[in-house]
Structures are given as C-alpha cells and as structure tokens.
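Notes follow once the structure below has been shown.
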Amino acid sequence: MRIDGIAAAAEPRPGQCLRTYLREQGATAVKKGCDAGDCGACTVLLDGAPVQSCLVPAHRTVDSEVVTAAGLGRFGPGGDPSADVDHLHPVQQAFVEAAGFQCGFCTAGMVCTIAGSGVGEVSTGSTRESTGAGDELKGNLCRCTGYRSIRDALAGRVNTEVAEPGQAFGRAVVAPAAARVVSGREAYTLDEPAPPGLLHVAVLGSPHPHARITRIDTTAARGAPGVHLVLTHHDVPDTLYSTARHENRLDDPDDTRILDPVLRFVGQRVAVAVAETPRQARAALALVDVEYETLPAVFDPEAARQPGAPLVHPGKTPGEHRVAEASRNVVAQLHEEYAEPGHDGVAAALAASAATVQGTWTTDRVNHVALETHGARAWLAPGPHGDVLHVRTSTQVPFLVRAELARLLDLPEQRVRVVAGRVGGGFGGKQELLVEDVVALATLRTGRPVQWELTREQQFTIVPCRHPMRIGVRAGADADGQLTALAIDVLADTGAYGNHAPGVMFHGVHESMAVYRAPNKRVDAESVYTNNVPSGAFRGYGLGQVQFAIEGAIDELAAQLGIDPVEMRRRNVIRPGDAFVVGRPVDGDLEYGSYGLDQCLDLVEGALSSGRGDSVPDGWAEGRGVALAMIATIPPRGHFTHAKVSVDADGDFVVDVGTAEFGNGTTTVHAQLAATELGVPVDRVRVRPSDTATAGYDTGAFGSAGSVVAGLAVARAASSLKLKLDQLSAGYLPHRNGSAGQIPSTQLVGVWAEATHDGSPRSVAFNVHGFRVAVHQGTGRVRILQSVHAADAGVVINPEQLRGQIDGGVGQALGSAMTERMVVRDGVVVTRTLRHYRVPQLSDVPVTEVLFADTVDRLGPRGAKSMSEAPYNPVAPALANAIADATGVRPCDLPIQRDRLWELLRAPITRPAAVAPTGRAGP
Ligand code: FES
C-alpha cells in the first residue's frame, strides 16, 4: 500500500480497519469520529474513490493507493506530485478562502469526499430539497458550521480578506491554522506521536441503573495477556468531586467518585483495565467477576421528588456536598416571587389580566456530538522538582482540569501539566473531567504513558447530555399587551450526578425571565437526580430550554390580544436602566454595556417582510414566527485570564493565553486583537493557547468568554507591549523587512508585557431569530422557507467567524428542534449511534440570513461582545411559533418531529389554555 505516495512501513493486522491502520502508520489526517461509517471524518481516497476508511478492512487495500487530506494537494485528482508537501488541493484552498470550518475535525474527511466525488458548485437553496452536494456529502457530518460556509467553499466564494498592518480588527481574516486544518496537519488531542510504551484503557460499565457492588474479583483479569493494571473502587482515592468544572469548584455538588461501589446509571464505571492494546484491555474486562445487589431505580424526575421515591444520593447534605434536598432527590432549587410596589403578586395579576396563558413545554435529551470524542493521554516526564504528570486532553478547561486532578491525586499543581491541542468541538461537553482522572491515575500506578479514547457509543451512553426539562408557564397581559405577570415552574432531570445541575438551572431561569418586564414574577425551579445518564453543560446552559417555553407563551398572549408578535415583544422587553429581575431583582455585576435588542427585532421583522426566501408550495400552510433571547456575555462570579505577549527570535510576536481553541475561533480573534494593538500584520502574531506550563492562568473556554475575557487581556497585554517597544525605540516597524529606522530584532527579542482580566463587570447580548415556514397538514412535514437571525454582538471582531458561530448555533439548534432526541428506556440509552440519533446533514439546514445590530459595548474589547452560545437559544421557539402561526396548533414538545406534529394536528386540545380566575387551568 502507498499512503500519500509513500510505501507503508507495515502490513495491517488481521481484522484491522483501514482507519486504525492508517493512523498507526502516522496518517493522522484520518480522523476517528464514529467508527461506524456515519460521520465521514475518516474519509480517504482509495484508488481515487472516497471511502469511509473505518468501514474498509485494511487487508483488502494492500495493493492500493491511499490519499489522505495530507496528500490531497499532490496525489489527489488534479494534484501536483512534484509540489511541496504543504501544497493545497483546490478544494482545500477553497475551504481556506471561504472559512469553511470551525473546529475543523470534519474537514480533512470532507475535502477528500469533495475532491474524490467531483462535487462542483452546489445549490444554495434554503430547503432540504437542495441537490448536488446535499447527496454527495450526506455521509460527512459537520457539527460546527451549520454547513453554510461549506456550501460557500463548494461554490468558490471567498469570505476572507487580507488586513493591512494594524487593521485586523473587524476584518474577516483567515484563521491562523487554516492551511493545517484543511490538510489534516493540525494536531488534535491524539494526533501527536504517542510516547513509547503507550498503554490503553478499557472500562467496564454498569449493566444496572442502580446497584451496589457486593463482590468484585479481578484476579483473572490482572493475569490476562498484556494487562498491566486493573482498578476497582478498592484501588482509588475515596474522594468526592464533580465532573463539572467551574472557576469555583464549590459551584457543583461533590457527589462523584473515580470508581464508586454504588452504581447510579447504566454504563457507570465498575472497573478499569489497562493493557498493551485496547483489545487486550477489553478482553481483561470480560474476566472481572462482579456481584451486584440491584437497588430500586427512578427514571422520571417528577416521580423522583415524590415521597417514597428511590433515593439516588441518600445522605448527601447542603453543607458538605452542596445537594439541596437529598431526601427528595433535589440537587438545586429556587423558589422566589416578586411584586413591584403597588402590585399583589402573580395570582392576583393573572386574575385581573385581559389575557392569560398557562401551559407546559418539554425539551428532550440532546447529545453534543462533537466530532472528536473525549480522549486523553497521560505520561510522566522529568521536571525541576521531580517527575511531572503530563496530560494531553480534549478539554475546554485545561487549568480547571489540572486543579481537580491535583486535588484528586494529592499532587501539587506544579507537578501536573495539562495541555489541550486543537479540540474537535466541545459545545460545553468538554467542560467536564471525564477521562483525565483515569489516564492520570493509571500512569502514576504503572509509570507508563496511558491513553483512553471514548467510542461514539460511549459519547451517547456515559458522557453528560443536555438537561431535559419540563417548563410550566403562567403569563398574563393587559389589553394593551403589557405583561402583568410571568411565572415559570421548571423541572430539570440532571440524571445520576449533579454536574452542572445548579448552574444550568439558575442560568436557565435567569436571562430568560430577566429579558421581560413584568410587575409580578415567580420562579419555581428544581433540578432532580434520577437513574438516567447524567446531564451537563450544553450550549446556552439551560436558556434554550426555558426560552422555548416563555417565547411560546408570549406568542399565545399576542394571539389572544390580536397584537403582532414582534410588537408584543417590543412592548415588554427590558431596556437600559431596567433592573434585571428573575424571581427578585438580581444584585451583581451585570450591566447594559450596550443594548441592541430593539435593532435585532427591527432587523428580523424587516427581513421577514422583505419577500426574500422561498415561496410556499401549493396546498401547504404558511406561517411566520419570531423569538428572542438575552445572554450575559460572561459567566458570573469571576472568570479569569492572564495573557502575555512577547517578541520572539524572529522579531514576531507570541501570545501565550490559557484559553482553548475548539472551533470557537479564539486563536483568530486573539491574533487580530494583538496585531491591531501592535500595529502589525496579523501573520506576525502567533497564539500559543491552552498549556498550563506555558500560559498564565485561564478559567477556560466556556460561557462564551474567549473573546471578551481572554480577548480583553490579550488586547491589554499587546497594548502594554506596544508602549514598551515605543519607549525602547521609536523605530520598531510593523513590517518584517522594514527599511531605515528598524531596530535590530535582537534588541527587542524577549521583550514582553502581560495583563489580566477578571471577567467583571459583565454585559448583555441579544439574539432574535425569525422563520417563515410551510407546513403540510396531511403529513406533518415542515419546510423552512426563510430563516433570519439578528445578533447584537457589539462591534464585530471577525464578520465571517461571527457569522459562522451563528450559522453553527442555528444548525445545532435546528437539530434539537426538529430531529435530535436521545431515546432512553428504563435508564438504557437506545440511540447509541449517529445512524439512530439524527443530527442535521448538509441538506437539512437552510441558509440563514445573518444580520448584526450596530452597537458598541463599553465593556468588551474594542466594543465587542461574546456570541458563541447565544444564537442557539431563540431558534426552537421561533420555529414552534411559526408552526403555530401556520397551523393553529402549538407544538410544546421538542423535538418537533414530523410524526409528533402529525399527531398534534389531529389532537383535540391544541393550544395552551387560558388561566381561569382561580389560577387553575381553564378548558
Ligand atoms: Fe465540522 Fe467542527 S468544523 S465538525
């Protein structure tokens, strides 16, 4: 076999798939996304034809020519074999110029498919009836982009530009890693050569949703071939922690152990085997002899909080473990009611209102489906004060992982180094400590490098998902459409562990309630343990669920009063100067650094009235819907970054910053900010992110903080460095090969400056989404005719990247709005492959018209605000509102799958009921 023009060094092993073999041969441009032929990340050209290499037996390819993304420019169709190894194929060049990727984990496979199948210009029509690449690329999933920039790459559109020195801010500059990403050369977590002697982990999962281990014997497993270590709960520190990571570790309950004798969900770790190969580790697990005492289990969160329900964490306390009421399975709760002076509370206000609504909305479990699964590798290397434990991991929070590993393993933090390479997607799912503890402990016990890479099935069965919620809403308005009362009752299923349970619940009810003025407000919210797979952090952090319900209720009130839904919102949204009120006025550091919600509403209303988009097919019902959302630009209670900018040996600039790049675009944004402050071309700035040994402290890449917290620290550090350089010499020049007056670089090498930012005060950002849809009432089929999104992101740092974040957020939200649902029966996750869990393909996602409000934020870097999570939040309610407008039937349950809508169109009760004067539900 020849791989990218070079004869392979070894024969495949029996039974090995081509994907595994290629990576073992060093062809790390071939990614592992699912090992089931569903995602396309491993696509290569086999004798010129694109194949998903995980499906091909390697031994059948021994006489073949294999071309990966790394060799595409030279050996792909139309390639130039005499060119340099870095030569890009035209398809790859198109992806660079169109900014056709975000995390980029899908890109190497995507470009191989396109180059090998000859897909040319593709229709950019907004419906799933789009043809061409929609068919060719249905086997290549992208979770980040929403596919719009990929369509642009296919069409040869150039979305990027070159900025003049010092002018990078506000320009659509190319991501620094672009050429490496499209050619598969950028190193993701497990793409670097493994240290010699690498061992592998396999984990035995619980077969029971609730059980106690009464006996466990690992004698046979320990003696199995290749096995170096077997761990059970007898062998690990008995220290409670949470897999969730936050700046303050006390934000989450201490309810988890590395290995626990009590098993609370199907798949929870029972035993860990560490062996020379993954196969040997798995074989050893079959020899572990376990006896279980099964315990009563509870799967419904409402049942879980009733008297007599099985208790998931009995004995946990608010003080020691931060579990609110273990005797009711309640992890976190909030019960508050507020009435402005002169008002008498929600019940009285509803009784006196001209229009009222009461209804219940539900959202389902959603999986992040980051294309790179969780994985980590640990090893020991000498340091100045003894061996240092190195952990390279797929994380959004390297510093927080280091801190908790040090605590769990009783090591000083200086003896632990955590590094994230480029991370292949996160969406909140990698704000957890899920694999690092096992590889770290195994390395400490064996002295050998150890690796654990989760399978796609494990991503579905043991990795935390989005919190499913049930949200009751009661709302009232007077005849002018002014809200008189707004009350919500939220029940979140946090599953077997409380990681992120308090944060998601509090955040979910916070900005969703605060964005509306109402003189009477009430919040009841509880997050509840069950014996289901744990829930965790996911884009929007609870807001999308609660906003889905509130925005539906606002539309119902508008319909009762005969007021246009956009106008209804204009009359009721908060304005600068208003207090932020949830269940009471909120103290804190949230401010109106800028305000563009009014503009966003105008922009979406104008676009929906413009006549743009597709026309409605004959016989289908047409409807339009809007929804809005507010989000704080930074997580509360401190989010810290230290940034350092220095001059390197070439006279260029290096930014050391701890935040991770996982497709959020922070390396590009940080380079732009530094280059602008320094007055140099952006390609003279190199960002070194996410290494606890080289960068100063950073809380992490979550809560959309990368641009506004780390970004502000980078800008301040670069500005300080510029001052220093100016003082050292008036002659430092913005160009490498400057003329007279340039100081020899040796005089400047090593000059540096640093800055910090504590993430306070925080601003607010806004998003409004609008849809026009057509609904076929005979089948329940929904066709999106027009999709428009307005974002108030302050001054836009990189228009193409920001648009990409919005496209991606909309695409991901459409998945959870229309098709995505983790089916769980009696605690067993049924949907455990991408084939059964339906994430949007290219042809499923419409092109969204993206518009920006014209605002300047006084708190963000150069007026910018964050915008990574927020676009997700208004999408599902806008879609539901459009369907309700078209059909007169309100979908209150996500996802709005076609069969569910078909049934709903035939149900006798089709809308949330008005509230009777007693406060009870009306007819
Ligand atoms: Fe496609 Fe991240 S860019 S999966």
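Quick look at the numbers
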quantity	calculated
Count of residues meeting criterion [open to solvent by less than 30 Å² (accessible area, probe 1.4 Å) and outside any loop (DSSP other than H, G, I, E, B)] in segment 889-911	1
Total residues in segment 509-530, condition touching a Ser or Thr at 6+ places or on another chain (Cβ under 9 Å) and under 27 Å from G827 (Cα atoms)	4
Check on G658, in contact (Cβ under 8 Å) with a residue 40 or more places away in the chain, crowded, with 22+ Cβ neighbours inside 10 Å, in contact with a strand residue (DSSP E or B) (Cβ under 7 Å, 6 or more places away or on another chain) and among the small types (G, A, S)	yes
Residues located in segment 325-338, provided they are touching a residue at least 12 places away in the same chain (Cβ under 8 Å) and not hydroxyl-bearing (S, T, Y)	A326, R328, N329, V330, V331, A332, Q333, L334, H335, E336, E337
Top-ranked residue of segment 544-574 - restricted to ones that are in contact (Cβ under 8 Å) with a residue 24 or more places away in the chain and part of a loop (DSSP other than H, G, I, E, B), ranked as most open to solvent (accessible area, probe 1.4 Å)	R571
Any hit, segment 530-543, residues being open to solvent by 10 Å² or more (accessible area, probe 1.4 Å) and in a helix (DSSP H, G or I)	no
Pairs with Cβ under 7 Å, 6+ apart, first in segment 783-810 and closer than 20 Å to F95 by Cα, second open to solvent by 10 Å² or more (accessible area, probe 1.4 Å) and of a type in the set (S, T, N, Q)	E800/N159; E800/T160; G804/Q102; Q805/S868; G808/Q102
Criterion violated by T819 - all others in (1) within 29 Å of R612 (Cα to Cα); (2) hydroxyl-bearing (S, T, Y); (3) within 16 Å of the ligand (Cβ to nearest atom) satisfied	(3)
Restricting segment 407-430 to residues that are open to solvent by less than 10 Å² (accessible area, probe 1.4 Å) and away from the ligand (no atom under 16 Å from the Cβ), the residue that is nearest to the chain's Cα centre (by Cα)	V418
Verdict on G577 being of a type outside the set (V, I, T), surrounded by fewer than 24 Cβ atoms within 10 Å (Cβ to Cβ) and not in a helix (DSSP H, G or I)	yes
Filter pass, A675 being part of a helix (DSSP H, G or I), in contact with a strand residue (DSSP E or B) (Cβ under 8 Å, 6 or more places away or on another chain), aliphatic (A, V, I, L, M) and modelled with pLDDT of 95 or more	yes
Output for segment 786-813, where each listed residue is more than 16 Å from the ligand (Cβ to nearest atom), of a type outside the set (V, I, T) and within 19 Å of A607 (Cβ to Cβ)	Q786, S787, H789, A790, A791, D792, A793, P799
Verdict on T461 being touching a strand residue (DSSP E or B) at 6+ places or on another chain (Cβ under 9 Å) and either closer than 19 Å to Y697 by Cβ or open to solvent by less than 10 Å² (accessible area, probe 1.4 Å) (or both)	no
Given (1) open to solvent by 20 Å² or more (accessible area, probe 1.4 Å); (2) more than 13 Å from the ligand (Cβ to nearest atom); (3) acidic (D, E), index of the condition E186 fails	(2)
Segment 399-437, residues that are touching a His at 6+ places or on another chain (Cβ under 8 Å), touching a residue at least 40 places away in the same chain (Cβ under 8 Å) and of a type in the set (K, R)	R417, K430
Candidates V51, V44, V91, filtered to the one that is of a type outside the set (S, T, N, Q), at negative phi and without any contact (Cβ under 8 Å) to a residue 40 or more places away in the chain	V51
Pairs, first at positive phi in segment 142-159, second within 10 Å of the ligand (Cβ to nearest atom) and part of a loop (DSSP other than H, G, I, E, B), C-beta under 7 Å, six or more apart	none
The listed residue being modelled with pLDDT of 95 or more, among the acidic types (D, E) and within 16 Å of the ligand (Cβ to nearest atom), out of E372, E340, E404	E372
Output for segment 628-650, where each listed residue is open to solvent by 20 Å² or more (accessible area, probe 1.4 Å), part of a loop (DSSP other than H, G, I, E, B) and in contact with a Ser or Thr (Cβ under 6 Å, 6 or more places away or on another chain)	F640
Residue ranges of strands (runs of 3 or more DSSP E) in segment 308-423 with at least 3 members within 30 Å of R835 (Cβ to Cβ)	355-363, 375-383
Matching residues, segment 93-119, being β-branched (V, I, T) and more than 13 Å from the ligand (Cβ to nearest atom)	V96, I114, V119
Of all residues making up segment 280-317, the number that are surrounded by 15 or more Cβ atoms within 10 Å (Cβ to Cβ), farther than 30 Å from D489 by Cβ and not small (G, A, S)	7
Test: T484 is modelled with pLDDT of 95 or more, open to solvent by 10 Å² or more (accessible area, probe 1.4 Å) and over 18 Å from the mean Cα position of the chain (by Cα)	yes
Subset of segment 128-148 that is open to solvent by 20 Å² or more (accessible area, probe 1.4 Å) and away from the ligand (no atom under 15 Å from the Cβ) - its residue that is modelled with the highest pLDDT	E136
Unique match (being among the charged types (D, E, K, R) and closer than 22 Å to R900 by Cα) among R803, R832	R832
Matching residues in segment 380-402 - criterion: being under 17 Å from E192 (Cβ atoms), of a type outside the set (A, V, I, L, M) and surrounded by 24 or more Cβ atoms within 10 Å (Cβ to Cβ)	R392, T393, S394, T395, P398
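Residue-by-condition table, conditions (1) modelled with pLDDT of 95 or more; (2) touching a Lys or Arg at 6+ places or on another chain (Cβ under 6 Å):
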{"residue": "D807", "(1), (2)": "yes, yes"}
{"residue": "A813", "(1), (2)": "yes, no"}
{"residue": "V829", "(1), (2)": "yes, no"}
{"residue": "R832", "(1), (2)": "yes, no"}
{"residue": "L859", "(1), (2)": "yes, no"}
{"residue": "S868", "(1), (2)": "no, no"}
{"residue": "N881", "(1), (2)": "yes, no"}
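The values are calculated or read from the model by the stated rules, or taken from the named source; none is laboratory data. Bear in mind that the values here come from a model prediction, so they are computed numbers and not experimental data. Backbone-built Cβ (ideal geometry, glycine too); neighbour counts: all protein chains shown. Areas reflect the complete protein model, heavy atoms only, side chains present, ligands, DNA and RNA absent. Shrake-Rupley method; radii C 1.70, N 1.55, O 1.52, S 1.80 Å.
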